[in-house]
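Notes to accompany the following structure.
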């Protein structure tokens, strides 16, 4: 029972199947999934049980002579035969070589009283049958079988199935449609015994065998092995025995059967979920898509607009601090239309608007997430597409809130007043003061020359007046110049600030999207990839 | 089937008694009378017919129950007499009776069985005695009790429960089987002895060992064929070809009549009156041809029905749609092929359709009856693919030219190139007039087209001959067909062929029991042994009964007409359920479609509501819109919107900022719409998928909004914004006091207005106060209402376009016509009225 060494190929495929069963729920059709897990269980159980035994089941319609054949092969009248239809209602088993067979029989759920053993001593010259467990199944096509799935169950469990057909029923839909068409790939595990051959003449038999072969080939059994038998005359029993003993002595029928079952399941799986191009679908969210998502989320938050707004608002507001004060004072004298609308306080409120923080727009956020999922799932199976979408949206209800909170921390305070603005304002006022001082000097110098106390003689010095005038002009010019210069500095600083801000915001948006969108999506994509890798692994 | 034998035990006596009744009811009444005379001493004679299969049928139903009530008087009787007498008799009779063949045969087994039945007095005293009484009238003492209480009870209850059990006991238990084999091995003489022994033992201990009764029954059954050849043909409903003794036609007739009589188990009243019934039976209700006016009415009603059925379309592939389509096709075919022609000319020859499993020997049977190799036979399965009709030359005209099976192309010879839809018509003088045989393809081979043809043929049949074999009689397809026959109320005859002589008894017994369980115990049955088929035909002696049956049908116009009429009635009856079933399915489709439509409506309604909410609760003033608004307000543009008139330079402000603000608003609104549309699309498909698999199929590829949605939405919102600007420009001039000296930029103001609108009606924010001050509350309300309704209308149109995709998908799947269902009900009603 060295599972891995003696069963190469089967183990990795079963591992792949395990993976599929693990990943399947919610993705795979429930029926296929349960079939797969049933096969997995069955394979596990069968491989655990005696590999020295080969379970051969005689299956067929009622009246085709399963029990007679069973008795003929075993050489004992073990299973009652009869003319009433259906005759056998319980499976009978005959074992060649008992040791280790009991758990297998338990697993097959054969009742104790229907178990028989051929002691090896009896079987001189039948040693090649050692290890055979022959099952005589109930029929699958009578009205009794409508409510009894025993035959179905054991046909599924047996390592080798001998279909017992007879000249009357060999083309019955109940056999072919339900079982044989399912058998493609099970050639090695299926033998067709054309029983009751004694009822036919030689020519008829030949014709019939040809017809049966054709029929089976049409149904996908590539190399049907048809053995004409007659339980009555004993004809063909030996060749059937040798076919069975061949399978029994190789001890590999169970593995072949499981492999064939795997192949069939694989076909069903690929029918419902073709591997196709699925593996070329992205297994992770690549850089471009992450960038795309971040961009879209930034748009949803309005990052560029926030930056722009900051720049504009700073430029506008700075002029009140660092700008040349004279035009501002002039503007105050202009009538305010708001005042005429009796909306004086609105201007404060408008200033209040700019204190509002950033926030994310929920609809745009959900569209951004949707777009990412759409892009990732192009060409995916609808089930997986839905799954990826669901994963992407798994936290999208909190996403706008989280984004808003996270970005508020870095949002610019639009009503912030930097210190140097204040200094510049003082400087501007100082210049204004200087200008006013100069003006006073000029006034004094021009109006009261010579009447000033000596200490103030200088003011009356007319020779100095042109210089004072020049100085005043310079002060005015300096004010204007420094206003322009510092405004330029503000703009420059704002644009630098904007860049920094946008970078920071993008970084934060990217971080949030990583944890809240990309991670769940990648989990699902990984699942998708693992599933299809397993599917490929299943095909071996 | 391995049930406990105890259950089975009461059965055997029951069977016997019943069988007796069955026997007596029917033809046998007069001979019966004489029988007891001969064997007067034994009251047990009453239980004569016992051993045979047919008997069981009836028996099983009534017999099992009484087991609980051993009745003293009957016990004794049965105890005493049978032992002694039955043995002897069973020895004697078979040999002695060569002339009164059928009769004697009946007797012989019956005696034996009598013995056996008596052996279990404890089980069945009551039933036994009753039955004994009923026909023979000899034991008045028991009579009062029997039919009234126990029997009634038993009849009602017992029938269904115990039968299978009994069945099992007899058939599949190993032990009895073994016993039987033993018995077979033993010489016939010993056999009898064994029987005696058993008989002797059992009465002694009231509760005999479990298996003994079963054994007995079995052994008896086995004995009969083995022990004495004469015993074989039995007075059952079975028609046995009897190679040894020529059965004269009278005999056959008699047997036949009896078989026709329904066995109706479980009816004590009938039991008693069985004799009477048998006597009264002959005056069969004469079936008059339908009066012309009724024919006209029926034809009209049927035509109407056909029309409304052919109008049916099941577009949606709901579960059951395939069946409904099939049912519709079947119904149409049957109306055209059979019902209409049959109603128009109800005197036409009867069409007997031979149907059954592949390899059952249908073609062989038809060939043998026609004494001509008209239908190919062989070992290949399936053999027959094209139906073959055989009739008397005089009837040929009717079948070649008539409307019956009008859709089938008539050909003279089967050839490979004639596909489905052809019908070979062959005339032969060997077949009696007035009946035609139709050999059909199988019902259960791998070639599934055959099943369809076979069913179509059966739909057109006046009588069905169902052929099965000893190897097949328990096959599920066969019983499905029988059930169909029963449902349709078709007249049925069953042929069990390929019966091996040694298996005959067991198989027949079992088969008949199964038939009875199925409620088909009373149909005509024929047995054909396993014989060498020579040249595709069976030996003549096997065919005698069937020939007679056919001849009888041919000669006896009444019987034929009755059979034809019954089948026709059965078919018309079946319309009562089949047509409304179709109508119901159609209604289901209509309802389903309505539901799907409602799903679409609901999803898009909720999407609209969602958008409505988003435009009111300030959700739109987030993200970029908010940033742009801050920009707009903070950069002083907001202030510059309003200017004094005559300032000369009407403050044209930075246009790019207004444009950006405008497009931000548009993008925000658009994203809300797109998100809602996404949700709606997913919702529709999810709902559809949830409803049924079909919903998922129809909705495939529709789980996303259409590609044009974004483009259309952009266009719609841009147009709306234009519209709002226009509204502000044209209608926003209200406040005279303001407009005299203040002017505003309509573009900007409309944006402020939108922000005011989207940030919610309750918030007394800046935008609100601004527009309010500028435009005045009244005109603001007017503009607000107009803008909102316009927005809704535009989004509504967008969503209409979207939901049209679903409607189209639904339509392309097929639109059921709702009125057709009503018309169907009407047509069914009219048909009933016409009948």
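Take every Cα-Cα pair in the range A:181-331 and report what % of them are more than 27 Å apart.
Everything past 27 Å amounts to 61 percent.
Compute the angle between helix A:303-322 and the longest alpha-carbon principal axis of chain A, please, reported from 0 to 90 degrees and rounded to the nearest 10.
Rounded to the nearest ten degrees, it is 10.
Taking the Cβ-Cβ separation of residue A:207 and residue A:42 as r and a Förster radius of 51 Å, what is the calculated FRET efficiency to the nearest 0.05?
0.85
Ranking B:343, B:353 by Cβ neighbours within 10 Å, fewest first, what do you get?
Result, fewest neighbours first: B:343, B:353.
Can you give me the Rg/Rh ratio for the range B:357-418, using Cα atoms for both radii and the Kirkwood formula for Rh?
Looking at the range B:357-418, the ratio lands at 0.97.
For residue A:536 paired with residue A:102, estimate the spin-label separation in nm (one decimal), with each label point 7 Å from Cα along the Cα-to-Cβ line.
Calculated label separation equals 4.8 nm.
Using only alpha carbon positions, build the gyration tensor of the range B:348-555, then give the equivalent ellipsoid semi-axes as the square roots of 5 times its eigenvalues, largest first, whole angstrom.
Value: 25, 18, 17 Å, ordered largest first.
Run lengths n ≥ 4 of DSSP H only: what is the helix-derived mean residue ellipticity at 222 nm for chain A, with -39500 (n - 2.57) per run over all residues, to the nearest 500?
My calculation for chain A gives -18500 deg cm²/dmol from helical runs alone.
Helix A:202-218 sits at what angle to the longest principal axis of chain A, using alpha carbons and giving 0 to 90 degrees rounded to 10?
Tilt relative to chain A: about 10 degrees.
Over 5 Å intervals from 0, what percent of Cα-Cα pairs in the range A:52-250 sits in each interval?
The calculated distribution, bin by bin, is 1, 8, 17, 22, 22, 17, 9, 3, 1, 0.
What ranking of A:28, A:407 emerges when the number of other C-beta atoms within 10 Å of each C-beta is taken as an exposure proxy, fewest first?
By the 10 Å Cβ count, ascending, the order reads A:28, A:407.
Of A:150, A:524, A:277, how do they rank once you tally other Cβ atoms within 10 Å and put the fewest first?
Result, fewest neighbours first: A:277, A:150, A:524.
Give the calculated FRET efficiency between residue B:557 and residue B:330 to the nearest 0.05, with a Förster radius of 25 Å applied to their Cβ-Cβ distance.
0.25
For residue A:128 and residue A:461, compute 0.36 nm times the residue count separating them, minus their Cα-Cα distance, and round to one decimal in nm.
105.8 nm
Nearest 10 degrees, 0 to 90: what angle lies between the long axis of helix A:10-23 and the longest principal axis of chain A (Cα atoms)?
On a 0 to 90 degree scale, this one is about 50.
Could I have the simple spin-label model distance between residue B:296 and residue B:541, label points 7 Å from Cα toward Cβ, reported in nm to one decimal?
It works out to 5.8 nm between the two label points.
What average number of partner chain Cβ atoms lie no more than 10 Å from the Cβ of the residues making up A:307-316?
Across the residues of A:307-316, the mean count of other-chain Cβ atoms within 10 Å is 5.
Given a Förster distance of 35 Å, report the FRET efficiency between residue A:500 and residue A:440 from their Cβ-Cβ distance, rounded to the nearest 0.05.
0.15
Take the Cα gyration tensor of chain A, multiply each eigenvalue by 5, square-root it, and list the three semi-axes largest first, rounded to whole angstrom.
101, 20, 17
Report the label-to-label distance for residue A:147 and residue A:18 in nanometres (one decimal), using points 7 Å from each Cα along the Cα→Cβ vector.
4.1
Values quoted throughout were computed directly from the atomic coordinates according to the rules given, and no laboratory measurement underlies them. Note that the structure is predicted; figures quoted are calculated from it, not measured. With ideal geometry, Cβ positions are generated from the backbone for all residues, glycine too; neighbour counts draw on all protein chains shown.
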